[in-house]
Amino acid sequence: MGIPFDKLKPPKWGGEVPAPVEREPLVLGTDCVIDPPVILSPMAAVTNSPYRKLCQAMGAGLTVTEMVSDKGLVHGADRALEMVDLQPGEGPVGVQIFGKDPEMMAEAAKVAQAMGADLVDVNMGCPMRKVVSSGHGAALLREPERVRDIFVAMSEAVDVPVTGKTRAGWEDTDAIEVAQAMQEGGAAALTIHGRTRCDFYDGHVDLAVIRELVKSVDMPVIGNGDVCDWVSARRMFHITGCDAVMVARGALGNPWVFREIQADLRGEPIPPKPTPERKRQTVRRHIESYVDTFGVERTCREIRKHLLWYFRDTPGEKVLRRRLSSMETIADVTAGIDAAIEANHGIDERFAKSHPRANS
Ligand SMILES: Cc1cc2nc3c(=O)[nH]c(=O)nc-3n(C[C@H](O)[C@H](O)[C@H](O)COP(=O)(O)O)c2cc1C
């Protein structure tokens, strides 16, 4: 079971715009510098190398691969190795591993390090039934001792920082014990998605629980959940006191979110939303990179969901939906993008008038 389409968009927050925040780059270990402290979340079937590179070019200080199985890495399974296909010049990239056996996790961490990972991250938050029923992902929230052993084994096995990504708890917000176990095991940092496993993706993220965790541990905390623009990033930093923010759904079809947050952290004006022409160029660049990495056939199949995200909630989305099933060549894909941009014409004119500098 995947995540329903309507949950692939973080809920909006109302209220006042928080005051600007200042944050130093986050340095983990000796060499892993996350600058700006804004991270592209691991996302299954999304954060492959074309999207990681695009988000990095837009200002993400770190990107993370989708979760990859410890056994898959250790046994050299094609699918696992492809997920960790780190490209030269991509850096800094984290490799996220899921598993539950400390020895196997340590071996997998060694493989990830040898493949160029700048850090390795342990998945302790995946809520999917098939993952937790085998003791992986969020199931680790209920096993602090195992978590400690996993971090001890992995930290001894590799030189790069070992981090963990967790949720606010299983059913109640009780992640503090597991966070402390990570710390005792030698974790370099912790990411917390402020929803419990039972919340899945419902409701708003609980910022108070992230703040509690920040106060309870002596390692950097990365706040995650519902960050989708510079305002929500400020809110996450302000309310929780976290050291960095991680963006998942807010980056779907919106790699520009990283330059917004980066500019805000630097005290620079927020860049305008991309013009239709800029958007066309960026989407095409994403597609070219996809073709270079995975070839035409796979690009035509997998790029469809990205196109829907790029044009989400606009007339262009409807136009694209009608054409998706017949997209078999790059020319079909490009024509679809042009049609979506054309369908948004009136919207774009209004946009251009309200953002006169956007084309510069
Ligand atoms: C399509 C999708 C795939 C995801 N895959 C992973 C994953 O592989 N590993 C992980 O730790 N979290 C995964 N997540 C969870 C996100 O990393 C993030 O914790 C969650 O979406 C909350 O952040 P957001 O409100 O910014 O979306 C995924 C989320 C989405 C939407």
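Looking across Arg278, Arg259, one residue alone is over 18 Å from the mean Cα position of the chain (by Cα) and more than 16 Å from the ligand (Cβ to nearest atom). It is Arg278. One residue is enough: does the range 231-242 have a residue meeting the conditions assigned by TED's automatic domain parsing to the domain that holds Leu86, open to solvent by 40 Å² or more (accessible area, probe 1.4 Å) and not hydroxyl-bearing (Ser, Thr, Tyr)? Yes, some residue in the range 231-242 is assigned by TED's automatic domain parsing to the domain that holds Leu86, open to solvent by 40 Å² or more (accessible area, probe 1.4 Å) and not hydroxyl-bearing (Ser, Thr, Tyr). Val93 fails exactly one of the following numbered conditions: (1) open to solvent by 60 Å² or more (accessible area, probe 1.4 Å); (2) of a type in the set (Val, Ile, Thr); (3) in contact (Cβ under 8 Å) with a residue 24 or more places away in the chain. What is the number of that condition? Tallying (1) open to solvent by 60 Å² or more (accessible area, probe 1.4 Å); (2) of a type in the set (Val, Ile, Thr); (3) in contact (Cβ under 8 Å) with a residue 24 or more places away in the chain, Val93 fails exactly one: (1). Go through the range 50-80 residue by residue and tally those that are without any contact (Cβ under 8 Å) to a residue 40 or more places away in the chain, within 14 Å of the ligand (Cβ to nearest atom) and of a type in the set (Gly, Ala, Ser). Here the count works out to 3. When Thr47, Thr30 are screened for being of a type in the set (Val, Ile, Thr), more than 16 Å from the ligand (Cβ to nearest atom) and part of a loop (DSSP other than H, G, I, E, B), only Thr30 passes.
Within the option set Arg304, Arg285, being surrounded by fewer than 21 Cβ atoms within 10 Å (Cβ to Cβ), away from the ligand (no atom under 15 Å from the Cβ), part of a helix (DSSP H, G or I) and not assigned by TED's automatic domain parsing to the domain that holds Asn48 holds for one residue only, Arg285.
Yes or no, residue by residue, for (1) polar (S, T, N, Q); (2) over 17 Å from Leu73 (Cα atoms); (3) at pLDDT below 95; (4) outside the structural domain of Asp243 (by TED's automatic domain parsing):
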| position | (1), (2), (3), (4) |
| --- | --- |
| Glu107 | no, no, no, no |
| Lys130 | no, yes, yes, no |
| Ser134 | yes, yes, yes, no |
| Ala138 | no, yes, yes, no |
| Ile150 | no, no, no, no |
| Glu184 | no, yes, no, no |
| Arg197 | no, yes, yes, no |
| Phe200 | no, yes, yes, no |
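Of all residues in the range 81-88, none are open to solvent by less than 10 Å² (accessible area, probe 1.4 Å), part of a loop (DSSP other than H, G, I, E, B), at pLDDT 95 or above and within 16 Å of the ligand (Cβ to nearest atom). Please find, within the range 114-159, the residue that is most open to solvent (accessible area, probe 1.4 Å) out of those that are of a type in the set (S, T, N, Q) and either under 16 Å from Val68 (Cα atoms) or outside any helix (DSSP H, G or I) (or both). Among those that are of a type in the set (S, T, N, Q) and either under 16 Å from Val68 (Cα atoms) or outside any helix (DSSP H, G or I) (or both), it is Ser133.
Conditions tested, residue by residue: (1) under 18 Å from the mean Cα position of the chain (by Cα); (2) within 12 Å of the ligand (Cβ to nearest atom); (3) part of a helix (DSSP H, G or I).
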position	(1), (2), (3)
Gln180	no, no, yes
Ile192	yes, yes, no
Gly203	no, yes, no
Val214	no, no, yes
Asp218	no, no, no
Cys228	yes, yes, no
Met236	yes, yes, yes
Val245	yes, yes, no
Ile270	no, no, no
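Residues of the range 1-51 that are within 30 Å of Ile287 (Cα to Cα), surrounded by fewer than 13 Cβ atoms within 10 Å (Cβ to Cβ) and among the aliphatic types (A, V, I, L, M): Met1, Ala45.
The values are calculated or read from the model by the stated rules, or taken from the named source; none is laboratory data. As the structure is a prediction and not an experimental result, all values here were calculated from the model. For neighbour counting, all protein chains shown are included, and Cβ atoms are generated from backbone atoms with ideal geometry for every residue, glycine included. Accessible surface areas use protein heavy atoms only, side chains included; no ligands, DNA or RNA. Shrake-Rupley method; radii C 1.70, N 1.55, O 1.52, S 1.80 Å.
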